[in-house]
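In what follows, a structure is listed as structure tokens, so that the remarks can point back to it.
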Amino acid sequence: MISYAVLFGFVAISVALIMNLWRLVVGPTVLDRVLAGDTMVVNMIALIILYGVQRNTTLYFESALLLAMFSFISTIAYCRFVLRGDIIE
Amino acid sequence: MNSFLEALIALHIVVGAFFIFVGSFGLLKLPSFMSRLHAPSKSTTIGVGGCLVASMLQLWAVEGSISVQEVLITFFLFMTAPVTAHFLALAYLHTQRANNESLPKPSSNSNWSSLGDQETVMLTDSANIPNQSQE
């Protein structure tokens with residue numbers, strides 16, 4: 001039962017990633033692209049976690065943690081750059 | 001692993017994946033940036049939370065322990081998603097400062113507080129000039 005659920009999750013998150021990529025390409029403003037990139041990283045974290053559930057291992061959770069931290073820092077840095085024209089004043 | 005726990009894990013995975021799909025669909029289809037912002041910042045976060053709870057349940061059922069990394073990922077994602085959404089909304093407000101009509105209206109009669117501060121600063125500056133000339 002879990003294997004079918006994980007397969008459904010893989011398909012749904014992959015379609016979600018394609019939709020995010022569409023918004024990343026189309027996006028009218030810069031902030032649309034920043035938001036699409038941030039959402040793509042969150043979806044990638046979910047994909048890594050589902051892969052860990054499928055393989056029954058905890059090996060990949062460190063990479064998910066690193067992705068979570070770096071996506072937050074990069075999004076905040078980009079927003080600050082749009083707001084102030086500088087990252088560290 | 002008994003069948004009830006297995007069904008619970010499968011349910012968490014399916015619901016989480018559905019919420020992630022809904023969030024990304026909203027990001028693609030909604031008309032303006034402010035409405036596009038709230039689709040992934042709420043829905044995708046709860047979807048990742050569902051997948052993380054499923055992973056924690058599975059690890060607890062198989063090994064009898066919960067890994068530190070999963071708790072840290074959950075904590076970090078649920079702490080940072082509102083901050084990210086707030087910063088994106090603030091940056092959008094300030095990029096759209098010139099054409100105010102494209103922004104959603106605040107509930108009261110005043111302007112957005114992040115933008116209204118600058119107007120009051122400008123007003124106090126212009127109000128200070130005659131005082132200085134009198135002195």
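The values are calculated or read from the model by the stated rules, or taken from the named source; none is laboratory data. What you see is a predicted model; the values in this text were computed from it and never measured. Ideal geometry is used to build each Cβ from the backbone, glycine not excepted, and the neighbour counts take in all protein chains shown.
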- Task: For residues that are at pLDDT 90 or above and over 15 Å from the mean Cα position of the chain (by Cα), scanning just region B:31-55, find the one that is surrounded by the most Cβ atoms within 10 Å (Cβ to Cβ).
- Result: B:SER55
- Message: Please go through region B:1-13 and give me each residue that is crowded, with 19+ Cβ neighbours inside 10 Å and within 7 Å of another protein chain (Cβ to nearest Cβ), ordered by number.
- Response: B:ILE9, B:ALA10, B:ILE13
- Item | Single match in A:LEU31, A:LEU35 (criterion: more than 19 Å from B:VAL14 (Cα to Cα), touching a residue at least 40 places away in the same chain (Cβ under 8 Å), at the interface with chain B (Cβ under 7 Å from one of its Cβ atoms) and part of a helix (DSSP H, G or I)) | A:LEU31
- Message: Condition check: closer than 23 Å to B:ARG97 by Cβ and polar (S, T, N, Q). Does A:THR58 satisfy that?
- Response: no
- Note on the structure: The residue that is surrounded by the most Cβ atoms within 10 Å (Cβ to Cβ), considering only those in region A:27-43 that are over 19 Å from B:GLN69 (Cβ atoms) and of a type outside the set (A, V, I, L, M), is A:THR39
- Query: Taking the condition in contact with a Ser or Thr (Cβ under 6 Å, 6 or more places away or on another chain) and more than 16 Å from A:GLY52 (Cα to Cα), does B:ALA85 pass?
  - Reply: yes
- Task: Starting from region B:15-38, take each residue that is assigned by TED's automatic domain parsing to the domain that holds B:THR84 and list its partners that are acidic (Asp, Glu), counting only C-beta distances under 7 angstrom and pairs at least six apart or across chains.
- Result: B:PHE33/A:ASP32; B:ARG36/A:ASP32
- Every residue from region A:1-13 that is more than 7 Å from chain B (Cβ to nearest Cβ), touching a residue at least 12 places away in the same chain (Cβ under 8 Å) and either acidic (Asp, Glu) or under 16 Å from B:PHE19 (Cβ atoms) (or both): A:PHE10
- Message: I'm trying to understand the selection: among the residues of region A:38-51, which are within 11 Å of A:SER71 (Cα to Cα) and at the interface with another protein chain (Cβ under 7 Å from one of its Cβ atoms)?
- Response: A:ASP38, A:THR39, A:VAL42, A:ILE45
- Query: Any idea how many residues of region B:17-73 are among the polar types (S, T, N, Q) and farther than 17 Å from A:ILE49 by Cα?
  - Reply: 5
- Restricting attention to region B:44-59, does a residue exist that is within 16 Å of B:ALA85 (Cβ to Cβ), touching a residue at least 40 places away in the same chain (Cβ under 8 Å) and either part of a helix (DSSP H, G or I) or acidic (Asp, Glu) (or both)? no
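Every residue, every condition in (1) in a helix (DSSP H, G or I); (2) crowded, with 18+ Cβ neighbours inside 10 Å; (3) on the phi > 0 side of the Ramachandran plot; (4) modelled with pLDDT of 90 or more, yes or no:
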position: A:SER14; (1), (2), (3), (4): yes, no, no, yes
position: A:ILE18; (1), (2), (3), (4): yes, no, no, yes
position: A:VAL25; (1), (2), (3), (4): yes, no, no, yes
position: A:ILE45; (1), (2), (3), (4): yes, yes, no, yes
position: A:ILE49; (1), (2), (3), (4): yes, yes, no, yes
position: A:THR58; (1), (2), (3), (4): no, no, no, no
